1. Using the Kirkwood formula over every pair of different C-alpha atoms, what hydrodynamic radius in Å results for chain A?
2. Could you sort out which of B:K165/B:K238; A:K55/A:K352; B:K129/B:K152; B:K14/B:K71 sit more than 25 Å apart by Cα distance in this structure?
3. For segment A:204-361, state the average projected area of the convex hull of the C-alpha atoms over all orientations, rounded to one decimal in nm².
4. For B:K40, which aspartates and glutamates qualify as cross-link partners when the Cα separation must be under 14 Å and same-chain residues fewer than eight apart are set aside?
5. What is the sum of charges around A:K320, taking Lys and Arg as +1, Asp and Glu as -1, for the other residues whose C-beta is under 9 Å from the C-beta of A:K320?
6. Over its Cα atoms, what ratio of radius of gyration to 2.2 N^0.38 Å does segment A:100-157 give?
7. Calculate the spin-label point distance for A:V29 paired with A:R123, positioning each point 7 Å from the Cα along the beta-carbon direction, and give it in nanometres.
8. Which value, in debye to the nearest 20, gives the size of the charge dipole of chain B about its Cα centre, when Lys and Arg are +1 and Asp and Glu are -1 at the Cβ?
Amino acid sequence: MNAPVSLGAAGFLARYDAARHLLSGDPSVRDAAAEAFRRSGLPGGTSARRPEAWKYTSLRPIAETALQSLADDRDVSALLARVPALDSPLVVFVDGRFRADLSNPPAGFSTFAKQPEFGDLARPDRDPMTALNTMLAEDGARLRIAAGGDAGVVRLVSLATGAETLHPRHVLHLEPGARLTVLDVSIGDGTYLHNPVTEAHVGADAHLIHVRLQDESADAFHLATLYVDVAAAGTYDGFTLNLGGRLTRAEFHVGLTGAAAVAHLNGAQLLTGTQHADFTSVVRHAEPHGTSRQTVRNVLAGRSRGVFQGRIEVARGAQKTDGYQMNQALLLSPDAEIDSKPELEIFADDVKCSHGATVGELDAEQLFYLRSRGIPDQEARALLVRAFLQEGLDDVTDARIHAIMEASVQGWWDRQSAQAITERANATKAVGA
Amino acid sequence: MLQIRGLAASINEKPILRGIDLTVPAGEVHAIMGPNGSGKSTLGYVLSGREDYVVTAGTVTFNGVDLLGMKPEERAAAGVFLAFQAPIELPGVNNANFLRTALNAIRRSHGESELDAVQFLKLARAEAKRLAMPDDMLRRNVNVGFSGGEKKRNEVLQMAILRPKLAILDETDSGLDIDALKIVADGVNALRGPDFSALVITHHQRLLDHLVPNRVHVLAQGRIVRSGGPDLARDLEKSGYAGLVPEAA
């Protein structure tokens, strides 16, 4: 086992300075990113003021935590066993490095290591974690689906076992009319930072289903930034299930840059203990007749904290835009917290946009109905929590992937022990009474 | 089977039941009629243990045990079943899973083995068929998107599967057409026997033509003001509650 290291912004920059001459890709891009990161630091990581985009999430814990890599060349079979079984191509990254020996990649696959291009959607100048990724990225998946092709399901898997920090750089490119479903899985052991940046280009009439399953180690930091561009009549259908990690954030920047483009940014977060999970998104409607849909469900137990920041921007010419966002939270404990900040910024005059948030405890009438049928109180509470999530999972329409998500929730549930959760729920009730 | 003595209950400190005395012997079906707001539904809720109703006086014994000291799930395990007037929707809860969870919870409390999914579905499909319910009602989420009549039939399906000793039917007939009404009545009649009793809350004689009660009670302003045989329901259908209901103060 290697010695633990604490990496504040200065630590990351020192690491970059030391590795700079070894890194591939355009050094001017990396240098510019380093310069941006030098200015921004880790949001909240110093006493400097936090930008608005990081209002509810401070990365100070990363700077203060000793990230500890485990022994090198560890046996990854235990983690591999947790990769959802599916008869589909598989792309595995271990500690941020592509592992051909563990993979069965689809046609059109390459890696960042072979083609170190940073893409044109990511904004290292604006987004600190993207700057950090751009400084230090060494590998990642590159997947291009040819026009009109249907690539089926591809599993994109990150296993963290030995590294303190992972900065994979992924690019998905769907040419016009192409179809692809990506099951994007993050799992790991240890105390580490997983900082993936993903670019998805969805061509005209193309259809990308992107299901993210975040089930990192309980001590991990997971800070994913995703940049999506959807051309005319294309669809990006995203769903994120957040289960693991100590402090996590999924940050989406989605541009609907063609007419009648569609984006779904749904998700569910199950948090307990002191977990913190942030779901942040910006959807920009640039052209008319676009549709965006977003419902994020939070189940918050213990002293966990959920964050939802959703912003819909409608440009002047984007008439007939249909935008919707909703954040729903079920608080199972008096100490759990949800921060919700939905925003609309509309410059067109003929649009339909709405947003909302609900925060609540379990419904007393539903609970009584179940108990009146003989279902004991704790079992009834657990059933209602599962039902709340089930509705969210129903946004995942592929039956096989839906089953995988259900199994993941079941696994989480088994690990947490429903008992502990419902006991906290009872504590809530006592306070409310 | 059921003995209610001097039962008074309130919600939000507002008295609703003001001293109910009622005995339902084993094997009998009793009808409860009365004007709106007389406390009929409250009686059903209090008997099944809804926590926002506070019992302020009286006793209820069910097969010799104190019912009021039991939790809702314990009452269900003991054999009390309330068919809700407005059945609750449970989005995200599959009807078959809900019914199996309930049945197995009750079986567990009796020390009986649980039914697996296959055994349960066989039972549930047979009961659903007897109630002329489409199979897909078992697959759908509990009461979500059900018509009013489907919700009521789903209550009767639950009753048929859980096989209670005391069924309280709270206006299960309202909103049903005549065919559905007969199906519901047949569902209850099928359970009738020496170990089964029912309290049937209704506004209409219609149901009682198919589900003939042993006794009829009129509830008004939180008290039973009149009891009689099945003829009482027919008389009420003609004359209404006038003369039975004390003038409002």
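The values are calculated or read from the model by the stated rules, or taken from the named source; none is laboratory data. Quantities reported herein were computed from a predicted structural model and do not represent experimental measurements. Cβ coordinates were reconstructed from backbone atoms using ideal geometry, including for glycine residues, and neighbour counts include every protein chain displayed. Only protein heavy atoms, including side chains, enter the accessible area calculation; ligands, DNA and RNA are left aside. Shrake-Rupley method; radii C 1.70, N 1.55, O 1.52, S 1.80 Å.
1. After inverting the pairwise mean of 1/r, the radius is 22.1 Å.
2. Violating the 25 Å limit, Cα to Cα: B:K165/B:K238; A:K55/A:K352.
3. Approximately 8.0 nm², given one-decimal rounding.
4. B:D21, B:D170, B:E171
5. Spelling it out: positives minus negatives among the neighbours equals -1.
6. Here the Cα radius of gyration is 1.33 times the empirical estimate.
7. Each label point lies 7 Å from its Cα, and together they span 1.8 nm.
8. Details: 29 positive and 29 negative charges, 41 e Å.
Charge dipole, chain B, about its Cα centre: 200 debye, nearest 20.
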